[in-house]
Amino acid sequence: QLVESGGGLVQAGESLRLSCAASGRTFNYYGMGWFRQAPGKEREFVAHISSSGDRIYYADSVKGRFTISRDSAKNTVYLQMNSLKPEDSAVYFCGSHSGGFYSYVSAYDYWGQGTQVTVSS
């Protein structure tokens, strides 16, 4: 089970930190990803971190502003989001990577319920 938290309403330029708490499975063995979905749009890749944390990838749209990390002791993955923009507004989901290219939705088999991020201009 994956549970996201930390979303909210912020102004452009502000920051948020999302958390994804995992339970019921040894998620430490799996790569984890963050995706987002805005109304009327498909779910899109945001960031991925490998099981060991040594490989990290970002979508071009968030590179330099967002940072993904994980705490194996807490079985939790984080997404630090700085310099937020209105176009970052979406429901953010974390997923457990089961295989395949890290930026594909189909490469993840477990998903959380999502947390809403709204950035006002």
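So for the chain: antiparallel DSSP bridges make up what percent, rounded to the nearest 5? Please report the intermediate quantities before stating the final value.
Details: 36 of 40 bridges.
Counting only bridges with both partners in the chain, antiparallel ones make up about 90 percent.
Please give the per residue accessible area of segment 1-85, computed with a probe of 1.4 Å over protein heavy atoms only, in Å².
Working: 4400 Å² over 85 residues.
Spelled out: the 1.4 Å probe surface of segment 1-85, per residue, equals 52 Å².
For the chain, with all protein chains present and a 1.4 Å probe, just round the carbon and sulfur fraction of the accessible area to a whole percent.
Details: 2900 of 6110 Å².
Carbon and sulfur together cover 47 percent of it.
Normalised by the number of residues in the chain, what is the relative contact order in percent for Cα pairs under 8 Å and 6+ residues apart? Walk me through the numbers before you get to the answer.
Working: 301 pairs, mean separation 43.1, N = 121.
Normalised by residue count, the contact order of the chain is 36 percent.
Amide H neighbours of residue 83 under 5 Å, at least 5 residues apart or on other chains, H built in the peptide plane: list them.
Amide H to amide H, under 5 Å and 5 or more residues apart or across chains, residue 83 pairs with nothing.
Using each residue's phi in segment 111-121, evaluate 6.51 cos²θ - 1.76 cosθ + 1.60 at θ = phi - 60° and report the 3J(HN,Hα) Karplus result to the nearest Hz, with x for Gly and Pro.
10, x, 7, x, 9, 7, 10, 10, 10, 8, 8
When the chain is fully extended, how far beyond the present Cα-Cα distance does residue 1 get from residue 26, taking 0.36 nm per residue of separation?
Working: separation 25, 0.36 × 25 = 9.00 nm, distance 1.03 nm.
Full-extension gain reported as 8.0 nm.
What lysines sit close enough to residue 85 to cross-link, taking a C-alpha to C-alpha distance under 20 Å and skipping anything fewer than 8 places away on the same chain?
Partners found: 41, 63.
Considering only protein heavy atoms, with the full assembly of protein chains and a 1.4 angstrom probe, order 29, 108 by accessible area, largest first. Walk me through the numbers before you get to the answer.
Working: 29 170, 108 15 Å².
The ordering from most to least exposed comes out as 29, 108.
Non-local amide H neighbours of residue 89 (under 5 Å, H modeled in plane, Pro and chain starts lacking H): which ones?
Hits under the 5 Å cutoff: 119.
Given bins 10 angstrom wide, list per bin the percent of all Cα-Cα distances in the chain, short to long.
Taking all Cα pairs of the chain, the binned fractions are 15, 51, 29, 5 percent.
Given charges of +1 on the Cβ of Lys and Arg and -1 on the Cβ of Asp and Glu, with all other atoms neutral, how large is the dipole of segment 1-110 about its Cα centre, in debye to the nearest 20?
Numbers: 11 positive and 10 negative charges, 27 e Å.
Dipole size: approximately 140 debye.
Whole-Hz Karplus ³J(HN,Hα) for segment 12-27, in order, using 6.51 cos²θ - 1.76 cosθ + 1.60 and θ = phi - 60°, x for Gly and Pro?
Result, rounded to whole Hz: 4, x, 8, 10, 9, 10, 8, 10, 10, 8, 10, 8, x, 7, 7, 5.
State the extension gain, in nm to one decimal, for the chain segment bounded by residue 42 and residue 61, taking 0.36 nm per residue of separation less the distance between their alpha-carbons.
Working it through step by step, the gained length comes to 5.3 nm.
The values are calculated or read from the model by the stated rules, or taken from the named source; none is laboratory data. Quick caveat, the model's predicted, so the values are computed rather than measured. Positions of Cβ are backbone-derived with ideal geometry, glycine not excepted, and every protein chain shown enters the neighbour counts. Heavy atoms of the whole protein, side chains included, go into the accessibility calculation; ligands, DNA and RNA do not. Shrake-Rupley method; radii C 1.70, N 1.55, O 1.52, S 1.80 Å.
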